[in-house]
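Okay, so here's the structure we're looking at.
The values are calculated or read from the model by the stated rules, or taken from the named source; none is laboratory data. Note that the structure is a prediction, hence the values are computed from the model and not measured. Note that each Cβ is placed from the backbone with ideal geometry, even for glycine, and that neighbours are counted across all protein chains shown.
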Amino acid sequence: MKIFISLFIFFSFINVFAQDQKEETQNSEEVEFNELKDVLKNDQLLESYKKKQKIKKQVEKKRKKIEEAKKIQYPTNDIFWQIASEHWLVKNAQKLKWDFDKPSYGIGVNFKKTLVELGFIEKKIKILLIKNTNITHFALPSSKDEYIFVLSVPFIHSMDLSKREISMLLLEDLLRSNNSYFKDNLKKASFIPLIGTEIEKDQKLQMKSYNELIGMYSDVIFKKGFNFQQQFEITRKMDELLKPYKDYWNAYYSLCQKRNQLVSSNALYKFYNGIYPSTVMQLSWLKPTEKKLQ
Amino acid sequence: MNLYMFILTLFMFSWNVFGSGKNEVVYFNKMFGHVHNKPYELSSSETTIACGYPLRILENKDNNFKEWSYVELGEKKGFISNQYLSKNRPQCFQKNYNEFYNELSLDLGELYYWGRLYDQYIQVETKP
């Protein structure tokens, strides 16, 4: 009996002691939790705030997209000119006769080599050979650092141009393109201010103006061409650019001589001086000390 | 031996999935173009395609032209120049300026010639 009571008391004591420990632990846990609770509360608040901001941004983005979908975009300047030039080439495919079987001639490779040597890096070149004699050579407007050249095979054959001389011919057109001479001829077109703009969904695109612009391409290429001042500027630029490179300068001078000879003697190319004025004056502007640099 | 078999299996698996490029879906990345019946630009056209068109690359043991891929679209098969293919769907003019493009009202002849333009261009890029 005594043993039983002793044991009972002993175990009760242990239980109480354990409870105390537990309470103490609980209290300390509570205390720790209280300390943590504020931190946790703040973290969750911050997280919740961030989540709400994210949702707000997504909603804003969607709303903007819906707003924009209500508008119609005209192509931006960067893409428009490439599309317009290619559209003109497509519309005049049968007139220009560019869809024909031909050898590679090595023109692209040689022109690339020339441009790299002269420092024209990161340029995209597209050359389209044509069988037409009504166009001799032209650079059409395109995207930034991109060029579309049209080059008549009969024209270059008539002068028996070397690859280097052909590269000089293309280089002249590249400089004209850099100076935006072609685009300057189109600046009065009513479509020009519309490029890159947007209109409301219920409004109509000014396609009549666009078609007029494409028509003006033909005017510039077949009738108007360039003026005397522009020819002078380009000739001087070519002279400055090529003077340090004897072979290139000589090739350019040779091209000018052959061109002048062709235009003066061949009735088929009598129109040439109307598009690219004064092949005779180009020779005098170049004014070499000797006929060819030694 | 087990290690050897394991390495061999791994190699065969990776070659089939990544090495050959077969069955890969690619996208045409110019305004318009042509799938040709032979791997050169002036061969006849199987069909005209527009920007963003998906094409499946097929195996062609006879194809020694590294710059061309033998592709499938629908029931048609043919060759297309690799420079006109992208692994990701490109940004296309037709999609970005959908209303303007529709207003161009290109007829079938113009679509055909626009594709031919990219066959006829002599294209170079000047890199240092």
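How many residues does the stretch A:184-207 contain that are more than 14 Å from every other protein chain (Cβ to nearest Cβ), surrounded by 14 or more Cβ atoms within 10 Å (Cβ to Cβ) and either more than 21 Å from the chain's Cα centre (by Cα) or over 30 Å from A:I234 (Cα atoms) (or both)?
Of the stretch A:184-207, the ones more than 14 Å from every other protein chain (Cβ to nearest Cβ) are A:184-190, A:192-193.
Those left that are additionally surrounded by 14 or more Cβ atoms within 10 Å (Cβ to Cβ): A:185-186, A:189, A:192.
Retained after the next criterion (residues that are either more than 21 Å from the chain's Cα centre (by Cα) or over 30 Å from A:I234 (Cα atoms) (or both)): A:185, A:189.
Matching residues across the stretch A:184-207 total 2.
Does B:E99 meet the test of being at pLDDT below 90 and surrounded by fewer than 16 Cβ atoms within 10 Å (Cβ to Cβ)? Judged against the criteria, B:E99 is not a match. Looking at A:Y181, A:Y210, just one residue is under 16 Å from A:H87 (Cα atoms), surrounded by 13 or more Cβ atoms within 10 Å (Cβ to Cβ) and at pLDDT 95 or above, and that residue is A:Y210. Only one of the numbered conditions (1) part of a loop (DSSP other than H, G, I, E, B); (2) more than 7 Å from chain B (Cβ to nearest Cβ); (3) of a type outside the set (S, T, Y); (4) buried (at least 19 other Cβ atoms within 10 Å of the Cβ) is not met by A:F80, and that is (1).
Could you list all residues from the stretch A:148-195 that are small (G, A, S) and closer than 18 Å to A:Q261 by Cβ? Quick ask: steps written out before the conclusion?
Residues of the stretch A:148-195 small (G, A, S): A:152, A:158, A:162, A:167, A:177, A:180, A:189-190.
If the condition is that a residue be small (G, A, S) and closer than 18 Å to A:Q261 by Cβ, then A:S152, A:S158, A:S162 are the ones that fit.
Each row is one residue, and each column tells you yes or no for (1) in contact with a strand residue (DSSP E or B) (Cβ under 8 Å, 6 or more places away or on another chain); (2) part of a helix (DSSP H, G or I); (3) under 30 Å from A:Y74 (Cβ atoms).
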residue: A:S209; (1), (2), (3): no, yes, yes
residue: A:S218; (1), (2), (3): no, yes, yes
residue: A:F226; (1), (2), (3): no, no, yes
residue: A:I234; (1), (2), (3): no, yes, no
residue: A:L241; (1), (2), (3): no, yes, no
residue: A:P244; (1), (2), (3): no, no, no
residue: A:S254; (1), (2), (3): no, yes, no
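Filtering the stretch A:85-142 to residues that are farther than 19 Å from A:K163 by Cα, aliphatic (A, V, I, L, M) and more than 10 Å from chain B (Cβ to nearest Cβ) leaves A:L96, A:I135, A:L140.
Listed by position, the helices (runs of 4 or more DSSP H) contained in the stretch B:75-128 that have at least 3 residues being touching a residue at least 60 places away in the same chain (Cβ under 8 Å) and not aromatic (F, W, Y) are B:108-120. Scanning the stretch B:70-128 for residues that are more than 19 Å from B:E41 (Cα to Cα), within 14 Å of another protein chain (Cβ to nearest Cβ) and acidic (D, E) returns B:E99, B:E103, B:D107.
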